[in-house]
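S.K.: Sharing a structure with you now.
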Amino acid sequence: MRRILFDSLLKGPLTEPAPSGDDPELLALGRELKTALDAWFGGSLAIRMVDAGSCNGCELEIHALNNPFYDLERFGLKFVASPRHADMLLVTGPVTRNMREALERTFDATPSPKWVVAAGDCARDGGVFAGSYAVAGGVGVVVPVDLHIPGCPPTPLQLVKGLLALTGKAR
Amino acid sequence: MANHRPWPRRAVDAGQWSALVASLAAGERTLLGLWGDADCVHMALLGEKGRDVAVASFSCAQGCFPSVAARHPPAMRFERAIHDLFGYEPIDAPDERPWLDHGRWPVRAPLGDRQPPAPEPPPYPFLTSVGEGLHQIPVGPVHAGIIEPGHFRFTANGETVVRLEERLGYVHKGIEGLMTGAPIARAAKLAGRCSGDSTVAYAIAFARAVEAALAVEIPERAVWLRALMAELERVANHLGDIGAICNDAAFALMLAHCSALREKVLRASAACFGHRLMMDAVVPGGVAVDLDARAPHILRSLVGRIRAVFPRLVELYDNTASLQDRTVATGRLDSALAQKFGCGGFVGRASGRSFDARRDLAYPPYDRLEFEVPVLAEGDVNARVWVRIREVEQSLRLIEQILVRLPAGEVMAATGEGSGEGIALVEGFRGDILAWVRLGGGLVERCHLRDPSWLQWPVLEAAIEGNIVADFPLCNKSFNCSYSGHDL
Ligand code: SF4
């Protein structure tokens with residue numbers, strides 16, 4: 001273990017200035033995000049993630065936000081375990097009828113002021129699952145949505161950009 | 001039944017049905033799936049040697065069928081789901097509670113006679129445990145992390161779990177209902193979204209079932225590209241999960257390194273196939289994207305990178321006593337139970353059940369590839385981690401072989417608008433995924449997809465017994481059953 005720890009120290013962080021060929025802007029985005037969070041949210045934003053019926057593809061990419069490449073926490077965003085600790089709900093999936101009440105109750109348990117971000121194409125209007133007897137619809141059908149991040153699933157960079165847009169909106 | 005490929009389907013009477021059930025109960029065959037259809041129920045079985053598959057169909061014209069679960073418990077949740085979706089009664093069923101239907105849909109039996117629902121969702125009676133000092137801990141459906149929703153009801157004696165009861169169905173999206181009557185292309189999209197982490201495996205299973213139904217041969221290059229994607233998906237998931245399991249044992253360093261490797265795999269997949277999870281890349285008839293000239297180089301350097309880093313992480317896992325202390329002997333799944341439930345993937349293989357659809361059913365191109373199927377006997381969290389470690393190594397070997405042997409040529413064949421029935425069993429990272437489809441004039445008349453989790457969720461209830469509540473996340477992660485794939 002020591003060797004791995006030493007290596008990590010010597011080699012520096014895994015986060016890169018240019019994280020991927022298609023978008024060299026993560027760091028810039030991150031800095032902007034951090035400034036906005038510092039100015040408007042007291043330096044940090046607590047996110048409670050709620051899967052309201054997703055295929056789990058969106059969760060995988062939200063998970064990736066915590067990996068060493070994106071490492072969202074360094075910008076002041078963190079995922080929390082309880083809606084009572086959250087400033088924002090990040091909701092995925094078409095809302096299934098079986099999850100509708102759970103989502104409503106999670107929303108009610110989140111203290112105001114609060115934001116709701118719907119992530120993924122099916123969070124907008126049910127996506128490919130729209131029209132099913134088991135699906136209530138997009139997230140907006142059940143709780144008020146402040147921002148929608150498109151994609152199936154949205155990539156980590158799209159998610160970061162979405163969150164930045166939200167902090168912009170808060171001003 | 002004519003036109004059912006590649007394995008036979010036969011209509012059986014009550015006597016033959018119960019003889020099959022008896023053979024399941026005696027362990028001579030393994031239950032692969034049980035699902036409803038217009039006027040009948042189908043049961044897919046794996047033969048004794050684990051190499052042949054057959055489907056038996058029992059007419060449900062009377063609205064009922066003899067319960068399989070009465071003698072073979074693995075069928076229990078399938079029957080409850082059939083009852084919820086089609087309204088058929090399993091006669092003498094040991095558990096008559098609903099499963100997917102939580103009383104919230106606008107109809108009952110949505111794929112059957114579409115009855116009006118009850119005005120109020122009925123209460124769900126959880127099973128009881130009685131004894132001094134027992135208490136219940138309800139958890140979910142919304143969990144305390146970035147996880148899918150489901151409900152767990154623990155009965156505990158102090159810290160020790162006496163019973164766990166799962167309640168699932170929260171993410172039921174009615175996928176089979178949406179597929180009914182849909183064009184093949186739309187159904188393929190839905191199939192690829194049953195469980196996002198297995199989107200490639202699902203897409204291959206659905207595509208193979210369609211191609212079998214229509215007797216379509218796909219181009220050789222597409223066959224190899226599919227396997228390439230499937231192995232990339234397996235590696236990405238195993239890496240992510242190995243890290244997450246260690247993280248649940250409070251060892252975050254492994255998560256950091258494993259998730260960085262996983263990210264590399266996703267980026268390579270995006271560079272080669274245009275999507276990080278490779279969604280919609282496999283379609284009936286072949287594959288929708290072909291590799292460009294850079295791809296072999298990207299993938300070779302990916303394999304090289306994992307080979308350089310992963311062994312050191314494995315060593316770290318193996319040499320960290322605090323980690324081993326949590327994973328060894330925790331969440332033990334008995335091998336007889338794994339056998340009985342026909343548990344697939346690393347869950348079965350860590351408990352001595354040696355089945356891998358890639359090897360045992362040898363669908364192409366695996367019939368021409370060299371790989372081993374790791375099997376361990378201990379059945380604990382540690383064994384599941386080790387099986388995954390070995391599978392990562394085997395998948396890297398497979399990726400290399402595929403890159404060397406990848407033929408040139410077309411990647412798509414026309415599927416046409418024929419009719420027929422097809423079935424496929426494809427090895428996803430979690431285990432074997434079953435796809436069954438009946439097509440008529442280019443439309444899907446009925447499609448059933450069975451996630452490996454159907455046969456893994458129930459045994460998690462048994463594996464957790466006697467462990468402490470605090471070890472549940474660790475055990476659960478080591479199984480990593482799909483909620484969405486199960487709930488459909
Ligand atoms: S947007 Fe796509 S990836 Fe996300 S939950 Fe919906 S189908 Fe799955």
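S.K.: Placing +1 on the Cβ of each Lys and Arg and -1 on the Cβ of each Asp and Glu in segment B:289-328, which of B:GLN324, B:ALA295, B:VAL314 has its Cα farthest towards the positive end of the resulting dipole?
M.R.: Going by the Cα projections, it comes out as B:ALA295.
S.K.: Select from segment B:400-488 those trypsin sites (Lys or Arg not before Pro) which occupy a DSSP coil region and have at most 16 other Cβ atoms within 10 Å, ordered by residue number.
M.R.: none
S.K.: In debye, nearest 20, what is the charge dipole magnitude of segment B:314-393 about its Cα centre with +1 on Lys and Arg Cβ and -1 on Asp and Glu Cβ, if you could check?
M.R.: Values: 11 positive and 13 negative charges, 65 e Å.
Here segment B:314-393 has a charge dipole of around 320 debye.
S.K.: Determine the shape class of segment B:253-363: with a ≥ b ≥ c the square roots of the Cα gyration tensor eigenvalues, call it rounded for a/c under 1.5, and otherwise prolate if a/b is greater than b/c, oblate otherwise.
M.R.: Here segment B:253-363 falls in the oblate category.
S.K.: Also, quick follow-up: To the nearest Å, what is the center-to-center distance of segment B:430-471 and segment B:207-233, using C-alpha atoms only?
M.R.: 21 Å
S.K.: Using only Cα atoms, find the angle between the long axis of helix A:2-11 and the longest principal axis of chain A, and express it within 0 to 90 degrees, rounded to the nearest 10.
M.R.: The angle comes out at about 80 degrees.
S.K.: Here's something else I'd like to know. Report relative contact order for segment B:265-332 in percent, whole number only (criteria: Cα-Cα under 8 Å, sequence separation at least 6).
M.R.: The value is 21 percent.
S.K.: Mind checking B:103-111 for the average number of partner chain beta-carbons within 10 Å of each residue's beta-carbon?
M.R.: Mean partner shielding for this stretch: 3.
S.K.: What is the distance in Å between the Cα centroid of segment B:304-354 and that of segment B:373-416?
M.R.: 16 Å
S.K.: Same structure, new question: What number, in percent, do you get for the relative contact order of chain A if the mean sequence gap of Cα pairs under 8 Å and at least 6 apart is divided by its residue count?
M.R.: About 23 percent, as a whole number.
S.K.: So which GluC sites (Glu not before Pro) in segment B:191-223 pass both tests, a DSSP loop state and at most 15 other Cβ atoms within 10 Å of the Cβ?
M.R.: For GluC sites (Glu not before Pro) across segment B:191-223 that sit outside H, G, I, E and B with at most 15 neighbouring Cβ atoms in 10 Å, the list reads B:GLU217.
S.K.: Ok, one more. Cross-link candidates for B:LYS173: which aspartates and glutamates have Cα within less than 14 Å, leaving aside residues fewer than 8 places away along the same chain?
M.R.: The reachable aspartates and glutamates, counting only those whose Cα sits under 14 Å from B:LYS173, are A:ASP51, A:ASP125, B:ASP84, B:ASP101, B:GLU148, B:ASP487.
S.K.: Moving on to the next point. If you place +1 on the Cβ of every Lys and Arg, -1 on the Cβ of every Asp and Glu, and leave all else neutral, what size is the dipole of chain B about its Cα centre, to the nearest 20 Debye? Walk me through the numbers before you get to the answer.
M.R.: Details: 51 positive and 58 negative charges, 206 e Å.
Dipole of chain B, to the nearest 20 debye: 980 debye.
S.K.: Short version: ³J(HN,Hα) in whole Hz for each residue of segment B:64-72, in order, from phi by Karplus 6.51 cos²θ - 1.76 cosθ + 1.60 (θ = phi - 60°), x for Gly and Pro, what are they?
M.R.: Here the 3J(HN,Hα) series is 8, 8, x, 4, 7, 5, 4, 10, 9 Hz.
S.K.: Each residue of segment B:30-41 in turn: what ³J(HN,Hα) in whole Hz from Karplus with 6.51, -1.76, 1.60 and θ = phi - 60°, glycine and Pro shown as x?
M.R.: 3J(HN,Hα) across segment B:30-41, in whole Hz: 10, 6, 9, x, 8, 8, x, 8, 4, 6, 7, 10.
S.K.: Turning to a different aspect of this structure: Across peptide A:40-52, what mean number of C-beta atoms from other chains lies inside 10 Å of a residue's C-beta?
M.R.: 2
S.K.: Something else: Using a/c under 1.5 as the rounded threshold, could you call segment B:352-456 rounded, prolate or oblate? The axes a ≥ b ≥ c are square roots of the C-alpha gyration tensor eigenvalues, and prolate needs a/b larger than b/c, oblate otherwise. Intermediate results must be reported in sequence, preceding the final value.
M.R.: Working: a/c = 3.18, a/b = 1.42, b/c = 2.24.
In terms of gyration-tensor shape, oblate.
S.K.: Using 0.36 nm per residue of separation minus the Cα-Cα distance, give me the extension gain between B:GLU465 and B:ALA11 in nm, one decimal.
M.R.: Gain on extension, B:GLU465 to B:ALA11, equals 159.4 nm.
S.K.: I need the phi-derived Karplus couplings for segment B:167-175: 6.51 cos²θ - 1.76 cosθ + 1.60, θ = phi - 60°, integer Hz, Gly and Pro marked x.
M.R.: With the stated coefficients, segment B:167-175 comes to 10, 10, x, 5, 9, 5, 10, x, 4 Hz.
S.K.: A further question on this structure: Pairs to check: B:LYS49/B:LYS340; A:LYS34/A:LYS78; A:LYS34/A:LYS161; A:LYS114/B:LYS477; A:LYS34/B:LYS264. Give those whose C-alpha atoms are more than 19 Å from each other in this structure.
M.R.: Table pairs above 19 Å Cα-Cα are A:LYS114/B:LYS477; A:LYS34/B:LYS264.
S.K.: With the Cα gyration tensor of chain B giving a ≥ b ≥ c as the square roots of its eigenvalues, does the rule (a/c under 1.5 for rounded; else a/b larger than b/c for prolate; else oblate) give rounded, prolate or oblate? Intermediate results must be reported in sequence, preceding the final value.
M.R.: Values: a/c = 1.68, a/b = 1.06, b/c = 1.59.
In terms of gyration-tensor shape, oblate.
S.K.: How would B:LYS189, B:LYS49, B:LYS173 line up from fewest to most surrounding beta-carbon atoms within 10 angstrom?
M.R.: Ordered from fewest to most neighbouring Cβ atoms within 10 Å, B:LYS189, B:LYS49, B:LYS173 come out as B:LYS49, B:LYS189, B:LYS173.
S.K.: Right, another one. Amide H to amide H, which residues 5 or more places from B:VAL283 or on other chains are under 5 Å from it, using H placed in the peptide plane?
M.R.: B:ALA288
S.K.: What residues qualify as long-range amide H neighbours of A:GLY137, i.e. H under 5 Å apart, gap of 5 or more or another chain, H built at 1.01 Å from N?
M.R.: For A:GLY137, the qualifying residues are A:VAL95.
S.K.: What list do you get for B:MET412, B:MET279, B:MET43 if you sort them by fewest beta carbons within 10 Å? Don't skip to the answer; put the middle values down first.
M.R.: Numbers: B:MET412 16, B:MET279 21, B:MET43 24.
Going from least to most buried by this count: B:MET412, B:MET279, B:MET43.
S.K.: Taking amide H atoms as placed 1.01 Å from N in the peptide plane, list the residues 5 or more away in sequence, or in a different chain, whose amide H sits under 5 Å from that of B:ASP52.
M.R.: Those lying under 5 Å, H to H, from B:ASP52 are B:GLY47.
S.K.: Separate question: Nearest 0.05, what FRET efficiency do B:ALA25 and A:ASP146 give at R0 = 56 Å with Cβ-Cβ as r? All intermediate terms of the calculation are to be shown ahead of the outcome.
M.R.: On the way: r = 55 Å, r/R0 = 0.98.
Efficiency, from the Cβ-Cβ distance: 0.55.
S.K.: Could you list the trypsin sites (Lys or Arg not before Pro) in segment B:95-135 that lie in coil according to DSSP, counting only those with at most 15 other Cβ atoms within 10 Å of their Cβ?
M.R.: Here the trypsin sites (Lys or Arg not before Pro) that fit, given the DSSP loop and packing criteria, are B:ARG114.
S.K.: Average partner chain C-beta neighbours within 10 Å, per residue of B:190-198? Could you put the intermediate results ahead of the total?
M.R.: On the way: counts 4, 0, 4, 9, 2, 3, 12, 5, 3.
Going residue by residue through B:190-198 and averaging, the value is 5.
Every number here is computed from the coordinates shown, using simple stated rules; none is lab data. Please read all numbers here as calculations on a predicted model, not as lab measurements. All Cβ positions, glycine included, derive from the backbone under ideal geometry; neighbour counts span all protein chains shown.
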